[in-house]
Amino acid sequence: RGETMSSRAVCGALRAVASRLASAPAASATRPASRFAFERAGTHTRPSYDPPRDFRAKAWAPLADARRLASAHALRRAPPSFAASAGATRGLSGKSKRFVSDGKTSRGSAASGKILLETPPRTAARAEPPRAAIPKPSSVPDAVAADGMPRYPALSVPGALRLGDYVGTAIFAVTGSLAAAARGMDVLGATVVGTVTAVGGGTIRDVLLGRGRRAFWMEEPEYLWICVLSAAGAFLAWPHLEERFNVRISDSWVEYLDALGVGAFCVIGAQNGIRAGVPCAAAVACGMFTATFGGVVRDVLMERPVRILHSYTDIYATTALGGATTYMLVRQMGLPVSTRIIAGFSVAVALRVAANKHDWRLPTYAGPLVINDAESEPRDTRFTARGFMKRNAKESRDGPNANERDAESETRKAPRVPSGAVAAARKGDDGSGARPKLAEAAAAAFRAFGV
């Protein structure tokens, strides 16, 4: 009986323990989380790759070092956009990886209804570059500084370049407006042509550089106001200035201001090309476009020969090319930005003033001089099937004749390209000015090779 009572007591105690265990939360929910487990998504979204704090024994050191090396290796192999993204929890798309429920439950936590969280993909920890690879601010040369200038004129060399840009814009607008007025355009036409002359080169440069760039005068409207006021003011006030103060468009001060504009524009164009990341030759071309292509559009609108493509006056685009090239060469030497600006500006201005003073021009084509237009007409070189059949029949009947074939091929040859002197004379080029003897030099070179 005593054994029966003791067995009943044991069974009752076991039932109580079983009912208590059944009513208690699951053991997996009450057990403290492992150090490797992630915290809730609302409080922490970045996994930790450091070794657990509870295991600081020396046996865990190789594992921790291996994890750090693997993380650094993965970061080196990752694309730059991934390495530069903010936070180690940002993936290739740049969006933060949040913990999302997959709706699954474990058997052990079915009673408590705890939803398992999806484990986020492991991302490489950000590895710091070696300290020797990061240059100190004092060791960074001025040559790698951004090529540019302030928004408005200032007491510095780049600020003075901005002032020269304003002056060049105004004088280009004035000369373009007066040239259009001399061709019989009204006040609107002269203002439009003057504005195009001043900002047309920079606009074409920005269009060629592309990549969503807008014209510079849309971002800096002060240039548009300078052009409109200068062009319209010159159209209205220049006759009175000529009568009152005896000023002329051919005065030396106008040429000096024009040379100043060429120097400023070619340097600014080269700077824009550099900032756009184009090659060196393309940056030089950007300098020439900025300084001269406004005049190209002006001449096209006025239906006259383009100045930079003809030699009826002194050289113009060549001086801009010289200034832009000088700027790029000084930049390659690693000199400061101020030195580059002074060098490129000075060369362009000096070349422009010297060209105007000494009447420097480029030579025209040195072909045969043809005065009569009838002599320059090309011979009839048309080919017809009927003539070919007649020649074929004659050759098959009489046999080939070498002399006849040579004479026929000679008559079928196109005439030589005539000299450009006659056509240039019709466009105002009288052949004067100091021109390099390129034709004589080329002829001497060919004679040296026995040609």
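The values are calculated or read from the model by the stated rules, or taken from the named source; none is laboratory data. None of the values given here were measured: they were computed from a predicted structure. All Cβ positions, even for glycine, are placed from backbone atoms using ideal geometry, and neighbour counts span all protein chains on display. Keep in mind that these areas ignore ligands, DNA and RNA; they rest on the heavy atoms of the full protein, side chains included. Shrake-Rupley method; radii C 1.70, N 1.55, O 1.52, S 1.80 Å.
In the full protein assembly as shown, how much of residue 345 is accessible to a 1.4 Å probe, in Å² to the nearest 10?
60 Å²
Protein chains only, probe 1.4 Å: how do 329, 301 rank by accessible area, largest first?
329, 301
Return the distance in nm (one decimal) between the two label points of a simple spin-label model at residue 182 and residue 249, each offset 7 Å from Cα along Cα→Cβ.
0.4 nm
May I ask you to give the solvent-accessible area per residue for region 161-235, in square angstrom, as obtained with a 1.4 angstrom probe?
Each residue of region 161-235 exposes 43 Å² on average to a 1.4 Å probe.
Of the options 253, 302, 288, report the single residue whose Cα projects farthest towards the positive end of the charge dipole of region 218-340 (beta-carbon charges: Lys, Arg +1; Asp, Glu -1).
288
Sorting 328, 149, 218 by accessible area (1.4 Å probe), largest first, what list results?
218, 149, 328
With each pseudo-label sitting 7 Å past Cα toward Cβ, what's the residue 237-residue 157 distance in nm, one decimal?
3.4 nm
Measure off 7 Å from each Cα along the Cα-to-Cβ vector at residue 432 and residue 11, then give the distance between these two points in nanometres to one decimal.
13.6 nm
Given axes a ≥ b ≥ c from the Cα gyration tensor, I'd like to know whether region 255-303 is rounded (a/c under 1.5), prolate (a/b larger than b/c) or oblate.
In terms of gyration-tensor shape, oblate.
Would region 274-331 count as rounded, prolate or oblate if I go by the C-alpha gyration tensor, calling it rounded below 1.5 in a/c and otherwise prolate when a/b exceeds b/c, oblate otherwise?
Since a/c reaches 1.5 but b/c is at least a/b, the shape of region 274-331 is classed as oblate.
If packing is taken as the average count of other Cβ atoms within 10 Å, what order do 306-313, 196-203, 175-182 fall into, highest mean first?
The most tightly packed comes first, giving 196-203, 175-182, 306-313.
Take the alpha carbon gyration tensor of region 149-286, find the square roots of its eigenvalues, order them as a ≥ b ≥ c, and report rounded if a/c is under 1.5; if not, report prolate when a/b exceeds b/c, else oblate.
It comes out prolate by the Cα gyration axes.
Give the long-range amide H neighbours of residue 360: residues separated by 5 or more places, or on another chain, with amide H under 5 Å away, using H modelled in the peptide plane at 1.01 Å from N.
315, 434
Suppose the Debye formula is applied to equal point scatterers at every Cα of region 215-295; what is log10 I(q)/I(0) at q = 0.17 Å⁻¹?
Result of the Debye calculation: -0.83.
Per residue of region 233-249, what does 6.51 cos²θ - 1.76 cosθ + 1.60 with θ = phi - 60° give for ³J(HN,Hα)? Whole Hz please, x for Gly and Pro, Karplus curve as stated.
x, 5, 4, 8, 9, 4, x, 6, 5, 5, 6, 7, 10, 6, 8, 10, 5
Rounded to the nearest 0.05, what FRET efficiency do residue 338 and residue 425 have when you use their Cβ-Cβ distance and R0 = 51 Å?
The value I calculate is 0.65.
Averaging sequence separations of C-alpha pairs under 8 Å and six or more residues apart, then dividing by the length of region 214-358, give the relative contact order as a whole percent. Write out the running numbers ahead of the final one.
Details: 159 pairs, mean separation 34.3, N = 145.
With pairs under 8 Å counted, the relative contact order is 24 percent.
Using the Karplus equation 6.51 cos²θ - 1.76 cosθ + 1.60 (θ = phi - 60°), what ³J(HN,Hα) coupling, rounded to whole Hz, does each residue of region 177-194 give in order, writing x for Gly and Pro?
With coefficients 6.51, -1.76 and 1.60, one gets 5, 5, 5, 5, 5, 5, 8, x, 6, 7, 5, 5, x, 5, 5, 5, 5, x Hz.
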